[in-house]
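The values are calculated or read from the model by the stated rules, or taken from the named source; none is laboratory data. Just so we're clear, the structure is a prediction, and the values are computed from it rather than from any experiment. Neighbour counts are summed over all protein chains in view; Cβ atoms, including those assigned to glycine, are modelled from backbone coordinates with ideal geometry. Surface areas here come from the heavy atoms of the whole protein model, side chains and all, with no ligands, DNA or RNA. Shrake-Rupley method; radii C 1.70, N 1.55, O 1.52, S 1.80 Å.
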Amino acid sequence: MLDLIILSLHFFICFILSIVIWRGPQDVGLRSSSTGAVEMGPDGLVLIGKEDDIKKSGRVTAKVDGREVVVFYHEGKFHALDSRCYHEGGPLRLGEIEDIDGQACIVCPWHKYRITLETGEGLYEGINPLEPSPIPKWQSKGVKQRIHKITIDNGNVYVSPPDLSVSFDSDYFAEKYKNSGDLAMEK
């Protein structure tokens, strides 16, 4: 009987934790360029928020031309990229940032794919089987995630609308979740 109580308690705690993780961090200053309520900055840039607010929160999610974009502030730099992982659309805004060989990377919370914040490259750890003593090394899969240009002007953070003349793997999920109206929609 005691085992049944302990097992039930375990499942209840797991259930509560999954709800907390599912809800994730709340977005700060959510903006949407598709509603017409967003402020446009110089040269058609989309206002994301105040520089100090984003620095405090560390990240913010917004819509730029109906596309979900996440802006990170990490180690003194702003980075913006499509908010859905190129692999299966995981919510990168919920991911952890880790350093891999001197590169800041976001780790997708769904399948642990690693993406550099600076370039959008997908990284993987692999070995060269032809080496006598193969040692795992981080290698690039190439640029998979769309990166967006950030401009800071008078304490405001702006993101450039995407240049769709070049395509990236993350474009599929950016389009899939475009104009969904639900930035928190998860798997």
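Hey, among the residues in the range 43-65 that are in contact with a Gly (Cβ under 7 Å, 6 or more places away or on another chain) and not in a helix (DSSP H, G or I), which one's farthest from residue 171 (Cα to Cα)?
In this case the residue turns out to be 50.
Considering only the range 87-122, state which residues are surrounded by fewer than 17 Cβ atoms within 10 Å (Cβ to Cβ) and basic (Lys, Arg).
Within the range 87-122, just 112 meets the criteria.
For the range 75-93, give me each residue that is under 19 Å from residue 171 (Cα atoms) and out of contact with any strand residue (DSSP E or B) (no Cβ under 9 Å at 6 or more places or on another chain).
88, 89
Part of a strand (DSSP E or B) and polar (S, T, N, Q) - does that describe any residue in the range 125-138? Show your work before the answer.
Restricting attention to the range 125-138, the residues satisfying the condition of being part of a strand (DSSP E or B) are 125-126, 137-138.
Within this subset, residues satisfying the condition of being polar (S, T, N, Q) are none.
So far as the range 125-138 goes, no, none of its residues is part of a strand (DSSP E or B) and polar (S, T, N, Q).
Residue-by-condition table, conditions (1) within 13 Å of residue 157 (Cα to Cα); (2) modelled with pLDDT under 95:
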position: 36; (1), (2): no, yes
position: 72; (1), (2): yes, no
position: 103; (1), (2): no, no
position: 113; (1), (2): no, no
position: 120; (1), (2): no, no
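Quick one: which of 144, 176 is open to solvent by 30 Å² or more (accessible area, probe 1.4 Å) and touching a Lys or Arg at 6+ places or on another chain (Cβ under 8 Å)? Steps first, answer last, please.
Details: 144 fails: touching a Lys or Arg at 6+ places or on another chain (Cβ under 8 Å).
Exactly one of 144, 176 is open to solvent by 30 Å² or more (accessible area, probe 1.4 Å) and touching a Lys or Arg at 6+ places or on another chain (Cβ under 8 Å), namely 176.
Mind listing whichever residues of the range 91-103 are within 14 Å of residue 122 (Cα to Cα) and either touching a Ser or Thr at 6+ places or on another chain (Cβ under 6 Å) or in contact (Cβ under 8 Å) with a residue 40 or more places away in the chain (or both)?
Across the range 91-103, the qualifying residues are 92, 103.
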